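Have a look at the structure below before the remarks.
The values are calculated or read from the model by the stated rules, or taken from the named source; none is laboratory data. Since we're looking at a predicted model, the values are computed, not measured. When we count neighbours, we look across all protein chains shown, and the Cβ atoms used for this are built from the backbone with ideal geometry, even at glycine.
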């Protein structure tokens, strides 16, 4: 059992930015500890598919106190960012412990927190949870899904377009990952089809700071009310880059409304407004680009979730428990937002514990 002032769970962008600001006021090992489930530095970036390059990635933002690498646009993101994070941990002496799996966080009678892991227990006055979403891919459920005779995989398992050569591939999801998958897979596959629950919201023009603040405010309002957070991209829309425009013009991004059920050989739209006679789309593969959910199961003993299914937040602080801060959750679930949230969380924790 180890005692520290603050425990940080997770060492992606959110966790490392929080640790950076903690390091200004506390000593590692005695003042704070950073626990990371991943086997290596790099957060979720280390698991990204090899064809995600600096030319296609949605955005990489610098960690506080340093600059982000700028390699050739054709360079895969995963290896570069993993190395960048590892160098960052060494430069600022953050002493991340890994791999450590946090099993539960409980409140003790003396108002401290017990963080139980597979490598011992930490006792802390405050907690910064920065576990992100990568380890909780969201798989929707549809009638007949278990009968599908082909292959189903999630974005988290995607390793590039080569494995889909000659196959009929259905991509489900309305975000940037779904669009990137379609654009990569289409030249290799026998056919592709795209299904979303809602009509994609395309965004033309520059994404200026005012639009960014407006989008973040919309997400922030939801978490303040204790509702499940939406992704920032769901309120900003999908950027119409030259590559996306070309794919739309070529018919690669012709979207269809979500199907009603799945059969062994494909998906079915029952008769309705979109397809009065119904429609069957054959498939060998269903690729679920349906996003992720916040990895917060280890916080369940604290009873933080409200009736709305989410956790009511006041900035980065859990409204019902000022000892607990969620960085990389809701409005801070972006590389830019995570840096700002890390600074804010540390400021409030210092006030809480009188440091």
- Confirm whether residue 328 is assigned to a loop (DSSP other than H, G, I, E, B), more than 24 Å from residue 351 (Cα to Cα) and in the same structural domain as residue 348 (by TED's automatic domain parsing). no
- Task: Go through the stretch 264-287 and count every residue that is in contact (Cβ under 8 Å) with a residue 24 or more places away in the chain and either more than 30 Å from residue 158 (Cα to Cα) or touching a helix residue (DSSP H, G or I) at 6+ places or on another chain (Cβ under 7 Å) (or both).
- Result: 3
- In the set 69, 50, 64, which member is modelled with pLDDT under 95, touching a strand residue (DSSP E or B) at 6+ places or on another chain (Cβ under 7 Å) and part of a loop (DSSP other than H, G, I, E, B)? 50
- Note on the structure: Exactly one of 328, 303, 315 is crowded, with 21+ Cβ neighbours inside 10 Å and on the phi > 0 side of the Ramachandran plot, and that residue is 328
- Please give the strands (runs of 3 or more DSSP E) falling wholly within the stretch 119-193 in which 2 or more residues are out of contact with any helix residue (DSSP H, G or I) (no Cβ under 7 Å at 6 or more places or on another chain). 120-124, 151-154, 168-172
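Table: residues versus (1) assigned by TED's automatic domain parsing to the domain that holds residue 131; (2) part of a loop (DSSP other than H, G, I, E, B).
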residue: 245; (1), (2): no, no
residue: 248; (1), (2): no, no
residue: 252; (1), (2): no, yes
residue: 259; (1), (2): no, yes
residue: 272; (1), (2): no, yes
residue: 277; (1), (2): no, yes
residue: 298; (1), (2): yes, no
residue: 306; (1), (2): yes, yes
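Take the conditions within 21 Å of the chain's Cα centre (by Cα), touching a residue at least 12 places away in the same chain (Cβ under 8 Å), surrounded by 20 or more Cβ atoms within 10 Å (Cβ to Cβ) and not assigned by TED's automatic domain parsing to the domain that holds residue 318 and apply them to residue 180. Does it pass?
Numbers: within 21 Å of the chain's Cα centre (by Cα): yes; touching a residue at least 12 places away in the same chain (Cβ under 8 Å): yes; surrounded by 20 or more Cβ atoms within 10 Å (Cβ to Cβ): yes; not assigned by TED's automatic domain parsing to the domain that holds residue 318: yes.
Yes; evaluated as a whole, the condition is true for this residue.
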- Note on the structure: By residue number, the members of the stretch 94-115 that are more than 26 Å from the chain's Cα centre (by Cα) and either surrounded by fewer than 15 Cβ atoms within 10 Å (Cβ to Cβ) or not in a strand (DSSP E or B) (or both) are 108, 109, 110, 111, 112
- Item | Residue match in the stretch 42-59 (condition: in contact (Cβ under 8 Å) with a residue 40 or more places away in the chain, under 15 Å from residue 341 (Cα atoms) and touching a helix residue (DSSP H, G or I) at 6+ places or on another chain (Cβ under 7 Å)) | no
- What are the residues in the stretch 308-322 that are modelled with pLDDT of 90 or more, in contact with a strand residue (DSSP E or B) (Cβ under 7 Å, 6 or more places away or on another chain) and assigned to a loop (DSSP other than H, G, I, E, B), if any? 311, 316, 319
